[in-house]
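The values are calculated or read from the model by the stated rules, or taken from the named source; none is laboratory data. The model shown is predicted, which means the values in this text are computed figures rather than measured ones. All Cβ positions, glycine included, derive from the backbone under ideal geometry; neighbour counts span all protein chains shown. Please note that ligands, DNA and RNA were not included when accessible areas were found on the heavy atoms of the full protein model with its side chains. Shrake-Rupley method; radii C 1.70, N 1.55, O 1.52, S 1.80 Å.
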Amino acid sequence: MNSITLHHVIPKFFIPKTLDNSQSIWKKVSTFKKGHFYIIIAPSGSGKSTLANAVLGNHFEYEGSILYDNLDLKSLSIEQIVNYRKNEVQLLFQDIRLINDLTIRENIALRVFNKKNDLFETKLLAYAQHLGISHLLEKKAKNCSYGERQRAAIVRSLIHPAEFLIYDECFSHLDVENKEKAFQLINKVAIEEGSAVLFFELNDFPFSHDYNQLNL
Amino acid sequence: MKHFVKSAFLYVGLLLSFILVLSCIQLYSNANALFGKKSTDSNYWITLSKTINPTNIGRKELIGFNPADLTELKKWKEVKDIYPVVSNDFKVSADGGSFIPFYTDMYLEAVDNEAIDIKDLSEFEVKDTTIPIIISREYLNLYNYGFALNQGLPQITEEFAKKIEVNINITLKDKNLKYKGRLIGLSDRIHSVLVPKKFLDSLNATQTYTKNHKDINTRILVKVNDVSDQDLIAKMTEKGYESNQESLRSAKIKGKLFLVLRTIALIGVFIFLLCIFMIVNVIKMQFLEKHEEVSIKYSLGYSPKKMVNSISRFFSINIALLIFISLLLLAIAQYYFSKSEISNGLLPQHIEYYLWSFVIIIPVFIYLLVSKLIYHWLLKSWKF
């Protein structure tokens with residue numbers, strides 16, 4: 001998949017705070033291309049999570065259309081949409097979504113769909129090392145702090161990266177140092193894999209970057 | 001532990017339902033083997049007569065079957081063929097001559113040879129002055145075990161009875177005839193004293209008063225597929241027809257047995273449906289308990305259809321095992337049942353072969369049904 005296009009998208013059941021903002025991407029045509037990097041900044045209540053979930057195909061409560069290349073998401077079946085999540089689009093939710101009773105390692109392995117191999121193990125150890133969670137791999141998710149779980153979720157998002165990586169306020173519980181480390185890791189993997197990255201954030205990152213900045 | 005107990009109850013219920021339903025199918029087959037199968041190839045004989053009531057007493061035209069009755073009877077789908085019984089329209093008596101000193105008035109009847117249950121009817125023809133006679137085996141039994149014992153007379157074997165000749169005296173309108181009567185066989189089907197039909201018809205034809213009762217038959221031998229056919233019994237009751245008791249007794253036993261089997265099978269099917277309902281709900285509960293996990297997997301790219309199919313497959317395999325165990329138990333029971341005295345060597349040692357196909361058919365059916373129901377429910381109930 002080479003692009004995701006928002007075509008005059010606007011939520012059905014609420015009016016985003018930023019709708020009247022001339023820079024907002026609501027109700028406009030915006031295209032996100034594979035291999036490009038974006039940061040979409042918006043205040044609370046402007047519909048960041050709503051849009052991120054809509055792009056993943058988790059709901060259709062919006063007017064307008066979201067296109068995977070030229071395919072309208074609304075025309076796809078649940079099974080077709082789910083299939084896109086394996087290699088084309090993935091989202092790291094704001095609420096992290098780790099399975100509490102599984103260990104951090106098991107949670108990360110969910111993204112390789114029971115096809116674990118040596119490459120997976122190498123990547124897992126390297127990414128966990130980078131984000132400082134190597135010692136947590138055998139610990140159950142429910143026993144980890146929110147920040148640790150957030151880093152584990154970032155590792156999971158990179159172990160088998162899709163062509164479009166979407167992160168919804170994924171650094172909310174990280175200090176600046178860990179935030180930057182995580183950003184660097186995501187950026188590095190995305191460049192290696194040729195993936196696009198879309199960050200939905202409240203504010204711009206407190207470090208320099210060359211991402212396309214958009215507003216919601 | 002709670003989950004285990006819940007599953008154990010579910011599987012015990014399923015095992016019970018499978019044993020009930022499959023047993024009923026096998027017992028139905030066994031009952032057919034013991035009482036005779038209902039098929040177009042089967043032949044059962046019943047003797048029909050009209051119920052005697054104050055209106056028809058003494059009136060042959062009312063107590064007998066007229067041609068219209070016979071035509072209607074032939075149209076019944078349960079009836080394969082009918083054979084009217086012809087009776088004598090003249091006076092008949094018998095005596096033993098000087099050898100056996102007895103005298104009795106008697107009656108003669110005749111029916112088509114096809115309806116007589118004696119293999120060799122080559123001697124069943126009137127030659128010179130000898131009339132071949134077939135009587136009911138019951139008559140000989142009545143003599144041997146009733147009359148002869150009480151009167152101090154000797155018992156008579158079938159072979160000996162065939163050697164005895166009696167005088168048959170026939171009084172016609174214009175002449176008297178004397179014949180020798182000789183027994184040629186015993187019938188288990190017809191309770192009568194039978195002579196060749198052609199002979200009786202020729203004598204009846206000489207009687208003028210026959211015309212009043214012409215074409216009236218007091219009894220009819222009827223060939224049917226199945227004497228336990230409830231439609232046949234209902235029609236007979238409606239028309240006021242009676243049948244010989246032996247056939248009806250067998251019919252009633254078979255009818256009641258099948259009713260019991262149907263009831264048990266119905267209970268089994270009910271339990272089975274209840275278990276399917278439970279399976280669907282247990283799977284739903286499992287999904288609800290693991291809602292978060294399933295939702296996370298879904299967002300990561302796991303197909304909901306595959307998740308549902310995987311759990312349905314698990315249940316279907318368990319059900320296949322349960323059916324296999326049920327059939328195994330049934331096969332063992334059938335083997336010992338066939339060896340028991342009650343089977344009288346009529347029951348097969350194995351269960352019906354087609355029952356084994358249920359090991360595949362039912363689980364596949366359950367797999368498809370449960371998958372479809374759960375998937376439909378899942379997509380409707382999930383709020384992502």
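Distance between Cα centroids, the stretch A:139-171 to the stretch A:7-52: provide it in whole Å.
Each part reduced to its Cα centre gives a spacing of 23 Å.
Looking at this model, which pairs from A:Lys28/A:Lys86; B:Lys284/B:Lys306; B:Lys297/B:Lys380; B:Lys284/B:Lys305; B:Lys198/B:Lys239 are more than 22 angstrom apart at the alpha-carbon?
Exceeds cut-off: A:Lys28/A:Lys86; B:Lys198/B:Lys239.
Please report the relative contact order for the stretch B:228-384, taking Cα pairs under 8 Å with a sequence separation of at least 6, and give it as a percent rounded to a whole number.
24 percent
Need one number for the protein assembly as shown: average projected area of the convex hull over its C-alpha atoms, nm².
One quarter of the hull surface, i.e. the mean projection, equals 45.3 nm².
Helix B:291-300: angle to the longest alpha-carbon principal axis of chain B, degrees 0 to 90, nearest 10?
Relative to chain B, helix B:291-300 is tipped by roughly 70 degrees.
Please figure out what share of the DSSP beta bridges in the stretch B:53-196 is antiparallel and state it in percent, rounded to the nearest 5.
70 percent
I need the GluC sites (Glu not before Pro) found in the stretch B:92-196, filtered to DSSP loop residues with at most 16 other beta carbons within 10 Å of theirs.
Answer in residue order: B:Glu123, B:Glu125.
Which lysines does A:Lys181 reach when only Cα atoms under 20 Å apart count, and residues fewer than 8 places away in its own chain are ignored?
Counting by Cα, and skipping residues close in sequence, A:Lys181 has these lysines nearby: A:Lys123.
For peptide A:12-19, what's the mean number of Cβ atoms from other chains within 10 Å of each residue's Cβ?
The shielding value for this peptide is 0.
For A:His135, put the label point 7 Å out on the Cα→Cβ axis and report which residues of the stretch A:69-104 keep their amide N under 19 Å from it.
Once the point is set 7 Å along Cα→Cβ of A:His135, A:103-104 turn out to lie under 19 Å by backbone N, inside the stretch A:69-104.
Counting each DSSP H run of 4 or more residues in chain B as -39500 (n - 2.57), what helix-only mean residue ellipticity at 222 nm follows after dividing by all residues, to the nearest 500 deg cm²/dmol?
Helix contribution divided over all residues of chain B: -17000 deg cm²/dmol.
For the stretch A:96-151, which chymotrypsin sites (Phe, Trp or Tyr not before Pro) are in a loop by DSSP, counting at most 15 other Cβ atoms within 10 Å?
Listed in order of number, the matching sites are A:Phe113.
Taking beta carbons within 10 Å but only from partner chains, what does the mean come to for residues A:76-88?
Whole-number average of other-chain Cβ neighbours for A:76-88 is 3.
Show B:Thr208, A:Thr103 ordered by accessible area, largest first, where the area counts protein heavy atoms only and the probe is 1.4 Å.
B:Thr208, A:Thr103
For B:Phe99, B:Phe160, write out the residues from largest to smallest accessible area, computed with a 1.4 angstrom probe and no ligands counted.
Order by accessible area, largest first: B:Phe99, B:Phe160.
Quick one: angle between helix B:230-239 and the longest Cα principal axis of chain B, in degrees between 0 and 90, rounded to 10, please.
40 degrees
Can you sort B:Tyr83, B:Tyr354 by solvent-accessible area, 1.4 Å probe, largest first?
The most accessible residue leads, giving B:Tyr354, B:Tyr83.
What do you get for trypsin sites (Lys or Arg not before Pro) in the stretch A:59-115 restricted to DSSP loop and a cutoff of at most 10 other Cβ within 10 Å of the site's Cβ?
The qualifying sites are A:Lys115.
Taking both sides together, what accessible area is buried at the B/A interface, probe 1.4 Å, expressed in Å² and rounded to the nearest 100?
For chain B against chain A, roughly 1600 Å² becomes buried.
If I stretch the segment between B:Arg59 and B:Leu346 completely, what's the gain in nm (0.36 nm per residue apart, minus their alpha carbon distance), one decimal?
Taking 0.36 nm per residue and subtracting the Cα distance, the gain is 98.7 nm.
Search the structure for amide H atoms under 5 Å from the amide H of A:Lys28, placed 1.01 Å from N in the peptide plane, and list their residues when 5 or more places away or on another chain.
Residues meeting the criterion, in which the H sits 1.01 Å from N, are A:His8, A:Val9.
Given the stretch B:88-174, what count of lysine pairs have C-alpha atoms under 23 Å apart, with each pair 8 or more places apart or on different chains?
Eligible lysine pairs with Cα atoms under 23 Å apart amount to 8.
Which entries of A:Lys33/B:Lys290; A:Lys48/A:Lys74; A:Lys115/B:Lys372 show an alpha-carbon separation above 30 angstrom in the structure shown?
Too far apart for the 30 Å limit: A:Lys33/B:Lys290.
Taking the 0 to 90 degree range and rounding to the nearest ten, how far is the long axis of helix B:245-289 tilted relative to the main principal axis of chain B, both from C-alpha atoms?
That helix lies at roughly 10 degrees to the long axis.
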